[in-house]
Amino acid sequence: RIWMDLLDLAAGGMASLRIDAKNVNAEAIMGSRYAKLVDFLGDTHEIITFPSDWRRPLAEAADRLAAEIMARLGAAERNKQPISVLAHSMGGLVTRTMIAKHPDVWSRMGAHAESRLIMLGTPNGGSYSIPVMLTARDPLVRKLALLDLGHKHGELLEIIARFTGALQMLPVQTRWDFFDPAFWAKLADDDHPAKDGAKPWALPTSKDLEEARAARKLLDD
């Protein structure tokens with residue numbers, strides 16, 4: 001386990017979470033954050049937890065979520081029971097992506113009047129925490145850099161800048177186009193004028209930004 005295991009992170013574990021790393025799975029939701037809520041709701045409901053890999057594209061988690069719900073829809077329909085989704089933060093975007101990609105699943109869920117999608121703190125308009133992180137201003141990443149004995153701050157940012165799922169949470173409805181590679185190049189130059197072509201932090205790739213824009217359009221549509 002790497003996230004969030006302090007010893008593994010200190011040993012340079014973030015390198016094992018590169019976007020192209022193989023055999024990386026979201027093992028479980030974080031008990032320190034959600035255990036009390038799961039236990040409380042478990043007194044009155046059947047609870048199915050759904051961990052997702054926040055590094056990966058929203059669509060991947062959305063497909064898995066659709067499959068999880070489909071596996072239970074038949075029994076729910078026979079027993080006339082609703083299926084609801086309680087989604088925290090990025091989980092709301094995963095569920096909305098599932099609705100867009102799998103409208104048949106959403107339609108069958110919605111056939112029961114008591115089915116719900118409840119979003120808690122979901123960044124439906126994107127989150128400024130993402131550009132703050134990518135531009136080396138996020139206190140959590142700074143702490144990770146202090147903890148990590150194998151990587152400097154800039155090296156961690158190079159890993160994080162390729163996290164497609166994070167890029168798909170970039171802000172929208174702003175005067176800036178966070179999905180435009182030219183914007184990031186100008187932002188880096190304004191932040192710290194380049195010397196010998198060097199940049200002060202890792203820029204997202206054009207391909208990743210294009211994929212993030214498409215994911216955002218799916219949500220907006």
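The values are calculated or read from the model by the stated rules, or taken from the named source; none is laboratory data. These numbers were taken from a predicted model, which means no experiment stands behind them. All Cβ positions, glycine included, derive from the backbone under ideal geometry; neighbour counts span all protein chains shown. The area values use the complete protein model at the heavy-atom level, side chains included, leaving out ligands, DNA and RNA. Shrake-Rupley method; radii C 1.70, N 1.55, O 1.52, S 1.80 Å.
Residues in region 146-165 include at least one that is open to solvent by less than 60 Å² (accessible area, probe 1.4 Å), closer than 18 Å to residue 57 by Cβ and of a type in the set (Ser, Thr, Tyr). In region 166-182 there is at least one residue that is over 21 Å from the mean Cα position of the chain (by Cα), modelled with pLDDT of 95 or more, assigned to a helix (DSSP H, G or I) and over 30 Å from residue 8 (Cα atoms).
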